[in-house]
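Visitor: Sharing a structure below in structure tokens format, with a few things to ask.
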Amino acid sequence: CNYLLFELWWFGSEVVVVVTVVSANVDVLSFMTFSYGANKMTRRDEKFKLWTKSGSTGLSLSSLACFENGGFPVGLEASWLLLCKKVRQKMILRLSLLLILLLIIVPQSIQGSIFKTFSNTLSPKYPPYSFVFPLSGNVFPLGYYSVSLQIGNPPKDFTFDVDTGSDLTWVQCDAPCSGCTVRTELQYKPKSNTVPCSDSICSALHWPQKPECLNPKEQCDYEVEYADQGSSMGALVVDQFSLKLLDGSSFVPRLAFGCGYDQHFPSAHLPPATVGVLGLGKGKISILTQLVSARLTRNVFGHCLSSKGGGYLFFGDNVIPSTGVSWTTLVSPNNHYTTGPAELLYNGKATGLNGLKLIFDSGSTYTYFNRKTYQAIVNLIGNNLKGKPVKDVKDDKTLAICWKGAKPLKSVLEVKNLFKTLTINFKNGRTNSQLQIPPESYLIVSKTGNVCLGILNGSEVGLQDSNVIGGEEGTTINNNIYLCKGVMVVYDNEKQQLGWVSADCDKLPK
């Protein structure tokens, strides 16, 4: 029985795999070294020595496996020690002698590095990578927030709506395109990079169903529909994304996304200025899930929206404060971020609205409650405003409910003291977590200088029949557009929890 000892080295951008061929019947060890660096793979034979660079070593004893009659072992995985059943006493002795020589000859500083690396390999962890993306946009008058991502080689900028309520990321595509809202030069141009129907990523797109294809080599098609009756149809493609890390360095992973060549947008809304949608749902096809599968980041993301407009989006957990974050459990069995049960308080007092399930959906421009909850909020605010210097105004069609002051307003802060804070109280077992929603987070000032309620009746826009995004017994809440300005919101898919903490969203984390 012969043996392979796999060792992994890394030096900056170069990764070196050392394959040690150990024979139980010979006294000389032979080595095959494969080096991956500068986008190419090379092989060279080496005699035994410790590789060092800049005074440090990257040796990692990854696995030991057996092969016989020239066969190569299959199913090897880094971080697991695979032993051949025919291990001979002589072989064990030789490896023990090598270890003793290592302890005697190698300097203690290098030993520490070796064994630390070996320990990390046996207990693999996700790399501590976090990606941060600046956001553009505002609540009013734009009504959306967007992120710019670079795709292709050479990289080209594309702007996306950020949507935690859907999984697939897609971009308007010059294939050619029907219903596209941006000029051809701003669209994505595919380059024979469509995903075949037989590919596993196509199965991830259609999961839990299976993709329908007569020929496994034909393209993987997609169609996605949204609650506002908008839709996109196209084919799945793969291309490289240029992603910046916190330290300024970058990764260029190849990720799957939709090449949308047939778009439909609801006639009630103006066509979006963005080129596509960045889907951040929990599905297998989402960009975050793909990065997690590639072991580039943790299954955690979040956003921080400035009250002045803009903010940032992040993947990974390095930017999350170690203290001060309030958490509540995610309870949804589907791909949406649903919390609950929760109760609604107004001015710190109970409203009788309990057991609310809330979907946090950044793709929704406004905050929607079901009919019962919405009407209760309107009544509470209306009763509180009695005798105060604001009056209902019917001729302002900016939103459903607006009030007029003694003079045109320039800022919500001018009437902030006339309104009260809404509080969502999450009951987590014996503890409670409260999300405070001050007036400046649920009010806007219209172009005519009136103050309007930024909470709408979801039953009037077709949400009452859906169990996922609300319905008669649930509540849909836009997690960032109104309620969470000046707040970092964290979606932790690993621990199935959602968190929030006050933050300075005007500055990118470092």
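The values are calculated or read from the model by the stated rules, or taken from the named source; none is laboratory data. What you see is a predicted model; the values in this text were computed from it and never measured. Because the Cβ atoms are built from the backbone with ideal geometry, glycine has one as well, and the counts that use them run over all protein chains shown. These accessible areas exclude ligands, DNA and RNA; they are computed on the full protein's heavy atoms, side chains included. Shrake-Rupley method; radii C 1.70, N 1.55, O 1.52, S 1.80 Å.
Visitor: How compact is segment 239-347 by the rule of thumb for globular proteins, expressed as Cα Rg over 2.2 N^0.38 Å?
Guide: 1.32
Visitor: Quick check on my link table: of 282/495; 349/394; 447/507; 420/447; 386/416; 210/357, which ones sit more than 21 Å apart, alpha carbon to alpha carbon?
Guide: 349/394; 447/507; 420/447; 210/357
Visitor: Next up: How high is the relative contact order of segment 375-448, given as a whole-number percent (alpha carbon pairs under 8 Å, six or more residues apart)?
Guide: 25 percent
Visitor: For segment 177-248, count the residues as N, evaluate 2.2 N^0.38 Å, and divide the Cα radius of gyration by that value, please.
Guide: So segment 177-248 has a normalised radius of gyration of 1.35.
Visitor: Take the solvent-accessible surface of the protein heavy atoms, probe 1.4 Å, and return the percent of it on segment 132-259 that carbon and sulfur atoms account for.
Guide: Carbon-and-sulfur percentage of accessible area, whole number: 50.
Visitor: Another question about this same structure. Using packing as a proxy for protection, rank 348-355, 227-234, 161-168 so that the peptide with the highest average count of other Cβ atoms within 10 Å comes first.
Guide: My ranking of the peptides, most packed first, is 161-168, 227-234, 348-355.
Visitor: Round to a whole number: what % of the accessible area of segment 401-455 belongs to carbon and sulfur, probe 1.4 Å?
Guide: 50 percent
Visitor: Right, next: Got the relative contact order for segment 239-342 handy, in percent, Cα pairs under 8 Å and 6 or more residues apart?
Guide: 15 percent
Visitor: Now for a separate question. Calculate, for segment 138-277, the solvent-accessible area per residue in square angstrom, rolling a 1.4 angstrom probe over the heavy atoms of the protein chains.
Guide: For segment 138-277, the solvent-accessible area averages 52 Å² per residue.
Visitor: Any idea of the accessible area per residue across segment 348-429, 1.4 Å probe, to the nearest Å²?
Guide: 56 Å²
Visitor: Hey, another quick one. Compute the normalised compactness of segment 128-239: alpha-carbon radius of gyration over 2.2 N^0.38 Å, N being the residue count.
Guide: Cα Rg divided by the expected 2.2 N^0.38 Å: 1.18.
Visitor: Note the per residue figure in Å³ for the convex hull of the C-alpha positions in segment 401-454.
Guide: That works out to 74 Å³ per residue.
Visitor: For segment 348-461, state the average projected area of the convex hull of the C-alpha atoms over all orientations, rounded to one decimal in nm².
Guide: Across all orientations, segment 348-461 yields a mean hull projection of 8.0 nm².
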